Amino acid sequence: MPTVKVRGRGQLTIPASLRKDLKLDDDAALTVVKVGDVLLLTPRKLIGDAVAKKAARAMKQAGLKLDDLLADLSKQRERYTRERYGA
């Protein structure tokens with residue numbers, strides 16, 4: 001069973017074999033949970049990139065560009081302000 005050493009500032013190195021098995025790259029995020037006297041590390045998938053890719057695909061399919069979205073955002077803010085504040 002591999003062991004790791006906690007270094008200064010609480011850093012530790014996960015053995016390469018385990019990183020490979022879990023498909024953890026250099027920017028992988030892990031969730032740490034304390035269960036009794038045990039620390040449980042689980043991979044945490046960051047959804048930001050997936051959401052951005054999905055939005056880019058939807059924009060491309062709709063024939064929209066970022067400028068289109070920003071222009072509409074400005075209109076929506078004006079509408080919200082009128083409805084909310086009567087201005």
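All of the numbers you see were taken from the coordinates with simple rules; none came from a lab. What you are looking at is a predicted structure, and each value in this text was computed from that prediction instead of being measured. Quick reminder, even Gly has a Cβ in these numbers, built from the backbone with ideal geometry, and neighbours come from all protein chains shown.
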Rounded to the nearest 20 debye, dipole of the chain from Cβ charges on Lys, Arg, Asp, Glu: 60 debye
Does anyone have the angle between helix 48-62 and the longest principal axis of the chain? Alpha-carbon axes, 0 to 90°, nearest 10? 30 degrees
Evaluate the relative contact order of the chain (contact order divided by residue number), counting alpha-carbon pairs under 8 angstrom at least 6 apart; express in whole percent. 13 percent
How many lysine pairs in the chain, separated by 8 or more positions in sequence or lying on different chains, have Cα atoms less than 30 Å apart? 23
Helix 66-85 sits off the longest principal axis of the Cα atoms of the chain, rounded to the nearest 10 on a 0 to 90 degree scale, by 70 degrees
Return the distance in nm (one decimal) between the two label points of a simple spin-label model at residue 19 and residue 35, each offset 7 Å from Cα along Cα→Cβ. 2.5 nm
